[in-house]
Number of protein chains: 2
Amino acid sequence: MPVEADRKSQTHREILAAASRQFRAHGFEGASVGSIMREAGLTHGGFYAHFESKDDLVAEVIGSGFDDVSERFEAGFDALSGEDWLRAWVAGYLSDGHLRSPDIGCPMPVLAGEISRTGERSREAFTGLFERRLAKAAGHVDAPRREAERRVMAAVSQAAGALMLARTLTNRRSKEIRQAAADEAISTLLGRPETVRIK
Amino acid sequence: MPVEADRKSQTHREILAAASRQFRAHGFEGASVGSIMREAGLTHGGFYAHFESKDDLVAEVIGSGFDDVSERFEAGFDALSGEDWLRAWVAGYLSDGHLRSPDIGCPMPVLAGEISRTGERSREAFTGLFERRLAKAAGHVDAPRREAERRVMAAVSQAAGALMLARTLTNRRSKEIRQAAADEAISTLLGRPETVRIK
DNA sequence: ATGCTTATATGATGATCATCATATGGAGCC
DNA sequence: GGCTCCATATGATGATCATCATATAAGCAT
């Protein structure tokens, strides 16, 4: 039954993809099983053939459903490395495009607050995601491992915090806060003052 | 009817205080009208004598209910000013105590993600809150107004982002990320490299 | 073609929730 | 002491939701 197994696992992936988008757009509580299944082109009943519970889906999305994001995001500048990679990362992360598309963007600014209130399971899945991306970015920082990680942690906090706040503010601060964070983040990553033009 | 009016406005404030705590502990969706009223020592029915709707409560809490936080938080170092105030602010914000007490702490790391998904009204209330705190902190930065604001925006993004992530991570990164953010944030605010001991 | 397997659909069920209509009970006034 | 007002309580109502039991229908082997 390889044909059937394929179908099932493809459906599984489609549910995951729909959930990944809806969770970022409306939060974990805000996205219902019914509306996720509808977006995946199915009805609500079949859900439990794929997942034990909604919590199970949440954990699986956090664990693997967001990986496409960083891949797609970072694929755009895979030709770059070192300082140029870091500049592209900061500028893209704090760009107008990312500001306006939370549903296909980084999950941290939208979901970390909610995840922090949930059980150990989801938080551990998130920690794994964080470690993977931390390692990737730190590889582009020109400094010993621990110092590189330190700088990336500081810069990621800054970028995620700024994007989260920029999406909430309704005035000119929405742009100013992203520009301020971008300049400070790139300076931290490079180890010297520099300015970034956010896209 | 001054006695009665007093009673009503006091009850109003008590509902607000309970909501303020529960929203930070469980999110806007996660805290029900019923449980908020229970915490205020009342039953759910009386709620609509005080607020038009739950959305109304949310907006009012964002608009004013959180002000006590910064006051209580910053009251601890009202004797300080300038650089010392900034050091105390950063160290306190990223402290273990604040990490563990989201329900009485800064609303940004817990609620900004959810607010960004809501209507204009709540986001405008949040913007007002943000402006007030920005002005307060910028007053302690030794730089021209615009530059002071720029540095505070960068530092606040970093501190709020780091606290949000630290509350989500389950490993040693929870402490490391706060220390990294604290060091970079204070350096930005002071305009020169410095280290902070988070409490 | 027939019967079995399995993915998905239909249609409950019970819980929770925001909201509202109506009831109660106490405070202040005659 | 009885009347009135108003803050709060009681008890619906209808909606939404996660979950589950059962039904269908399409694929595959015989």
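Quick note: the coordinates plus some simple rules give every number you see, no bench work behind them. These numbers were taken from a predicted model, which means no experiment stands behind them. Cβ coordinates were reconstructed from backbone atoms using ideal geometry, including for glycine residues, and neighbour counts include every protein chain displayed.
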Output the 0 to 90 degree angle, nearest 10, between the alpha-carbon long axis of helix A:173-190 and the longest principal axis computed from the alpha carbons of chain A. 70 degrees
What is the Cα centroid distance between segment B:71-95 and segment B:120-135, reported in whole angstrom? 21 Å
Which of B:F23, B:F126, B:F51 moves most in a GNM of chain B, Cα contacts under 10 Å? B:F51
Taking the Cα atoms only, what angle lies between the long axis of helix A:83-93 and the longest principal axis of chain A, rounded to 10 degrees? 60 degrees
Evaluated at q = 0.12, 0.14, 0.21 Å⁻¹: base-10 log I(q)/I(0), Debye formula over Cα of segment B:52-199: -0.50, -0.68, -1.40
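Could you calculate the contour length gain from B:R72 to B:D55, that is, 0.36 nm times the residue separation minus the distance between their Cα atoms, to one decimal place in nm?
Numbers: separation 17, 0.36 × 17 = 6.12 nm, distance 2.61 nm.
Gain on extension, B:R72 to B:D55, equals 3.5 nm.
Based on the alpha-carbon gyration tensor of the protein assembly as shown and its eigenvalue square roots a ≥ b ≥ c, which shape applies: rounded if a/c is under 1.5, prolate if not and a/b is larger than b/c, or oblate? Mind showing how you got there, number by number?
Values: a/c = 1.94, a/b = 1.04, b/c = 1.87.
Oblate.
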Magnitude of the Cβ-charge dipole of segment B:43-154, K/R +1 and D/E -1, about the Cα centre, nearest 20 debye? 320 debye
What does a probe at B:S81 reach in segment B:115-144, counting residues whose amide N is under 11 Å from the point 7 Å along Cα→Cβ? B:140
Helix A:2-30 against the longest principal axis of chain A: what's the angle in degrees, Cα atoms only, rounded to the nearest 10? 60 degrees
Farthest toward the dipole's positive end in chain B, which of B:S95, B:H140, B:H44, given Cβ charges of +1 (Lys, Arg) and -1 (Asp, Glu) about the Cα centre? B:S95
Using a Förster distance of 30 angstrom, determine the FRET efficiency expected from the C-beta separation of A:Q10 and A:R132, and round it to 0.05. 0.75
